[in-house]
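Just dropping this structure here.
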Amino acid sequence: MSHFDELVKSRRSAMKFQTDVEISQSELSELFRMASYAPSCFNLQHAHYAAVTDPENKQLLKEAAFGQYKVGTASAVIVVLGDLDAYKKADQIYGGMRSLGMLNGVEYDMLIQNVNNLYVSRGKEFCHDEAIRNASLSAMLFMLNAKDKGWDTCPMIGFDPETVRKVLNIPDHLLPVMMIALGKEDTSQQRPRGYRKPVAEFVTFGKFNS
């Protein structure tokens, strides 16, 4: 079995964490650095993260997550956000490439136009869905990298997004997508891994039958 196979199979949603484990900002920064390599539409990098380690705000986030125990015991609570206005920042992404000569003026203008045409023409609902899609891709890479570095995670949608927004003073253009509890799993009462569908149950090769 390859290292990647072992990594994917060993990553699982931790329901309970060891309460005496801390994670430093530098360790978190390294996890986020690798998450920056996640794919995103037009490389707009829609994902933004809020990393919370202080006990007071973790407690507030636990309350926003309806009192879930794992949030209170996690070493860090990561709020994954999607940028609804990511397309408006295309010039920041591509401006540096133009300055370095990686793009000429025509290529730069065409990219900016294509980005705007896609996002503006499809409207707010598309921007909302794109924020979720692209932030989720980043979050999965973050969790795999965390596991590779010895940390356990649990992605969650069981929280009140507006309460989270107020606790962390999240600006309106950032959409709470999910919460990730991160720490060292307490495996004393670990549940067996749930059923996984065989390939034939979730993959259709070619067309669906009528």
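I need to check one value: relative contact order of the range 58-128, counting alpha carbon pairs closer than 8 Å and at least 6 residues apart, in percent. Can you show the working numbers first?
Values: 32 pairs, mean separation 17.0, N = 71.
Relative CO of the range 58-128 lands at 24 percent.
For the chain, what number results from the quotient of the Cα radius of gyration and 2.2 N^0.38 Å? Don't skip to the end; give the middle numbers.
Details: Rg = 19.5 Å, N = 210, 2.2 N^0.38 = 16.8 Å.
Against the empirical 2.2 N^0.38 Å value, I get 1.16 for the chain.
Of the residues MET156, MET143, MET102, which exhibits the maximal mean-square fluctuation in a Gaussian network model of the chain defined by a 10 Å Cα contact cut-off?
MET102
To the nearest 10 degrees, how steeply does helix 25-35 sit against the main Cα axis of the chain, on a 0 to 90 scale?
Its long axis makes an angle of about 50 degrees.
Under 21 Å Cα to Cα from LYS124, which lysines show up? Leave out anything in the same chain fewer than 8 places away.
Within the straight-line limit of under 21 Å, LYS124 reaches these lysines: LYS88, LYS89.
To check you understand DSSP bridge types, tell me what percent of the beta bridges within the chain (both residues inside) are antiparallel, rounded to 5. It would help to have the intermediate numbers written out before the result.
On the way: 20 of 21 bridges.
In the chain, DSSP labels about 95 percent of beta bridges as antiparallel.
Divide by every residue of the chain the summed helix terms, -39500 (n - 2.57) for each DSSP H run of at least 4, and state the resulting mean residue ellipticity at 222 nm, rounded to the nearest 500 deg cm²/dmol.
Details: 8 runs with 100 residues, N = 210.
Computed ellipticity for the chain at 222 nm equals -15000 deg cm²/dmol.
In addition: Report the residue, chosen from LEU175, LEU103, LEU60, that carries the largest GNM mean-square fluctuation when the chain is represented by alpha-carbon nodes joined by springs under 10 Å.
LEU103
Through the Karplus equation 6.51 cos²θ - 1.76 cosθ + 1.60, θ set to phi - 60°, convert the phi angles of the range 62-72 into ³J(HN,Hα) values in whole Hz; use x for Gly and Pro.
Listing the rounded values in order: 4, 5, 5, 9, 6, x, 5, 4, 5, 5, x Hz.
Can I ask one more? What is the spread of the Cα atoms of the range 137-205 along each of their three principal axes, largest first, in whole Å?
Rounded to whole Å, the extents work out to 43, 38, 22 Å.
Next question, about the same structure. Could you please state, rounded to a whole Å, how far the C-alpha centre of the range 66-94 is from the C-alpha centre of the range 149-210?
13 Å
Another one. Going from the alpha-carbon gyration tensor of the range 93-210, what semi-axes, largest first and in whole Å, does one get by taking the root of 5 times each eigenvalue?
Working: eigenvalues 240, 114, 69 Å².
Semi-axes from the Cα gyration tensor: 35, 24, 19 Å.
Determine the relative contact order of the chain: mean sequence separation of Cα pairs under 8 Å and six or more apart, normalised by residue count, in whole percent.
Working: 286 pairs, mean separation 71.2, N = 210.
Contact order relative to length: 34 percent.
Tell me, in nm to one decimal, what length is gained between GLU56 and GLN190 on full extension, where the rule is 0.36 nm per residue of separation less the Cα-Cα distance? Could the numbers behind the result be given before it?
On the way: separation 134, 0.36 × 134 = 48.24 nm, distance 2.75 nm.
Additional length available on full extension: 45.5 nm.
Since every read-out is calculated from the coordinates, none of them should be taken as a lab result. From a predicted model like this one, the values you see are computed outputs, not experimental measurements.
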